[in-house]
Structures are given as structure tokens and as C-alpha cells.
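Comments concern the structure below.
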Amino acid sequence: MGRPPVDSEAVTVRMERELLRAIDDYRRQQDDLPSRPEVVRRVMAEWLGKQKHG
């Protein structure tokens, strides 16, 4: 069981509590209350998309 296999790799990052509080505040503003890792994925994907399109 569990999640379906995907072509991915785990990334472990330490963050200061202030940054984690900001992530949690952002999470609570989202309709689907994403997990911390999902917030990081979404924000990074959005930021990287903006970098490509200048």
C-alpha cells in the first residue's frame, strides 16, 4: 500500500522556527491545508516557473 511510486528523491532541510511558522501560516490560508512538504513543493514550482518566464 502507501503512495504510488513516483520518480522522486527525498530532500531533508533544516529551517528556523520563524520560517516554519510562516509556512504554517501560509498552509492555514489554503483551502486544502497542504502539508509542509507540499507547501514547499508548490512554492518552489511556482518560483521556478516564474524564473523560466522572466
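FYI, it's all coordinate maths here, none of it is from the lab. Model, not experiment: these values are computed from the prediction. FYI the Cβ positions are ideal-geometry reconstructions off the backbone, even for glycines, and counts take in every protein chain you see.
Working note: 222 nm ellipticity from helices only, DSSP H runs with n ≥ 4, each -39,500 (n - 2.57), summed and divided by the residues of the chain, gives -18000 deg cm²/dmol to the nearest 500. The three principal axes of the C-alpha atoms in the chain carry coordinate ranges of 33, 33, 26 Å, sorted with the longest axis first.
Across the chain, the longest piece that holds none of the GluC sites (Glu not before Pro) lying in DSSP loops with up to 16 other C-beta atoms within 10 Å covers 17-54.
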